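Presented below is the structure to which this report refers.
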Amino acid sequence: MTAGAAMPDPAAAGRAAIEARRARAAVKRALGAGQRGPRDVAERAWQEPGSPEALLRFSEYAASLRGFGPTRVERLMADLGIATGKRLGALGNLQRERVRGWLDDVDPSRRPRLIVLAGPTAVGKGTVAQYVREHFPQIRQSVSATTRAARPGEIDGVHYAFVSDADFDRMIEEREFLEWATVHNQSRYGTPRSSVQAALDEGSSVLLEIDLQGARQVRESFPDAVLLFLAPPSWDELVRRLVGRGTETASERERRLETAKVELASQPEFDATIVNADVAEAAHQVVERILAAEADDGAARTRSGH
Ligand SMILES: Nc1nc2c(ncn2[C@@H]2O[C@H](COP(=O)(O)OP(=O)(O)O)[C@@H](O)[C@H]2O)c(=O)[nH]1
Ligand SMILES: Nc1ncnc2c1ncn2[C@@H]1O[C@H](COP(=O)(O)OP(=O)(O)O)[C@@H](O)[C@H]1O
């Protein structure tokens, strides 16, 4: 194959073009369905040249939004001084500022929120969070640091940053954690402050999958954080999931189930409970809560005139 490497391959180019078109269509669908906000798509386009968002034509982007028919899109483009066929990523600085101003009007509600997803061991927090990661990429998730050992299949820097006790001590000392806790009387876990703050500053909501002690600390330091409790359909099902996962010894399982009883009792402290009977259904409910929280905040700000 090396002989052909420098030659243009029309078939491969065609496949790449089809793939790129599909990716742009997915962005348009997500905009139309309200799964992604127009501000998020525009900011992503400007951050990542070459991304599907950047290559989306402004006319198609605007036409994907609810309530934007061809006439309204045409008028908008004339108002913003955007030429026909212009791609989002190709807008100059002046046009980007104009688009941001317009977004303040059409999408005033999107203020990023900090969301906590807590609940007893093995209820499915990790599974639901992963579904959200795969289907709703605009919602960021932070990677916690932990002193526990990696389980088979867990990747350092993806599932957790696996650190030593000494490293964890240093991170506490240097105030690197937004919150941290010793969980199951065993290992320490902490949320990195800087990456969470950076995501919020960029306009993305951040989902934290943390334990009850962490949830309480977040409530203290971020009073407008939204606390979601993921509950099992029943106690027996919770035990089945813990045993079924097969990652703990019998004595570790006992310890986790003791913690689980305390955690289940804390449910009234949360803003909402979501029962994880079906993963996709629970994940959609989590996302609905996030979108509602973002919109709610905007409405409140609009009312107070800011
Ligand atoms: N406070 C806090 N808890 C965390 C953090 N990361 C993970 N946890 C919680 O630590 C607990 C143990 O997680 P893990 O070791 O993955 O075990 P599992 O809950 O049995 O899957 C879970 O309740 C997690 O939600 C964090 O950064 N801070
Ligand atoms: N809705 C569900 N129905 C059935 N099994 C589930 C569901 N959600 C998660 N599980 C399973 O339960 C086990 C524990 O899930 P996990 O995400 O590791 O829990 P947590 O992160 O809350 O400790 C896993 O084996 C997972 O595949």
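Rounded to the nearest percent, how much of the accessible area of the stretch 11-106 (1.4 Å probe, protein heavy atoms only) is carbon and sulfur?
Taking all protein chains in place, the stretch 11-106 shows 51 percent carbon and sulfur surface.
Relative contact order (percent) for the stretch 11-106, with alpha-carbon contacts under 8 angstrom and 6 or more residues of separation?
26
Taking the solvent-accessible surface of protein heavy atoms with a 1.4 Å probe, what is the per residue accessible area of the stretch 114-303 in Å²?
With the other protein chains kept in place, the stretch 114-303 gives 49 Å² per residue.
Using Cα atoms only, what is the angle between the long axis of helix 125-135 and the major principal axis of the chain, expressed in degrees (0 to 90) to the nearest 10?
The answer is roughly 10 degrees.
Take the chain, connect every pair of alpha-carbon atoms lying under 10 Å apart with a spring to form a Gaussian network, then pick out the residue of 147, 273, 249 with the largest mean-square fluctuation.
Greatest mean-square fluctuation among the candidates belongs to 249.
Do you know the relative contact order of the chain, to the nearest whole percent, from alpha carbon pairs under 8 angstrom that are 6+ apart? The partial results should precede the final answer.
Working: 399 pairs, mean separation 62.7, N = 306.
The normalised contact order for the chain reaches 20 percent.
With the chain treated as a Gaussian network of Cα nodes joined by springs under 10 Å, which of 266, 251, 234 yields the largest mean-square fluctuation?
Most flexible of the set in this elastic network: 251.
Can you tell me what share of the DSSP beta bridges in the chain is antiparallel? A percent to the nearest 5 is fine.
35
Tell me, what ³J(HN,Hα) does each residue in the stretch 115-122 have, in order and in whole Hz, if you take phi through Karplus 6.51 cos²θ - 1.76 cosθ + 1.60 with θ = phi - 60° and put x for Gly and Pro?
10, 9, 10, 10, x, x, 3, 6
Among 243, 41, 183, which one shows the biggest mean-square fluctuation in a GNM of the chain, springs joining Cα atoms closer than 10 Å?
243
Can you tell me the orientation of helix 235-245 relative to the chain, as the angle in degrees between its alpha-carbon axis and the longest Cα principal axis, to the nearest 10?
80
Loop by DSSP (not H, G, I, E, B), at most 10 other beta-carbon atoms within 10 Å: where is the longest site-free stretch of the chain for trypsin sites (Lys or Arg not before Pro)? Before the final figure, lay out each step's value.
Details: sites that count: 66, 175.
Longest gap between qualifying sites, sites excluded: 176-306.
Can you pull the percent of the stretch 192-306's accessible area that's carbon plus sulfur, 1.4 Å probe, other chains left in place?
The C+S portion of the solvent-accessible surface of the stretch 192-306 is 52 percent.
Given a 1.4 angstrom probe, what's the average accessible area per residue across the stretch 11-106, in square angstrom?
Details: 5140 Å² over 96 residues.
On a per-residue basis, the stretch 11-106 sits at 53 Å².
Mind checking which lysines have their C-alpha under 19 Å from residue 125, skipping anything on the same chain fewer than 8 residues away?
Straight-distance partners of residue 125: 261.
Mean residue ellipticity at 222 nm from the helices of the chain, using -39,500 (n - 2.57) per DSSP H segment of n ≥ 4 over the full residue count, to the nearest 500 deg cm²/dmol?
One gets -16000 deg cm²/dmol as the mean residue ellipticity at 222 nm.
Working from Cα positions, state the angle (0 to 90°, nearest 10) between the long axis of helix 38-47 and the longest principal axis of the chain.
Rounded to the nearest ten degrees, it is 80.
The values are calculated or read from the model by the stated rules, or taken from the named source; none is laboratory data. Predicted model, so just to flag it, every value in this text is computed and none were measured. Every residue, glycine as well, gets a Cβ built from its backbone with ideal geometry; the counts of neighbours run over all protein chains shown. Surface accessibility is based on the protein's heavy atoms, side chains included, excluding ligands, DNA and RNA. Shrake-Rupley method; radii C 1.70, N 1.55, O 1.52, S 1.80 Å.
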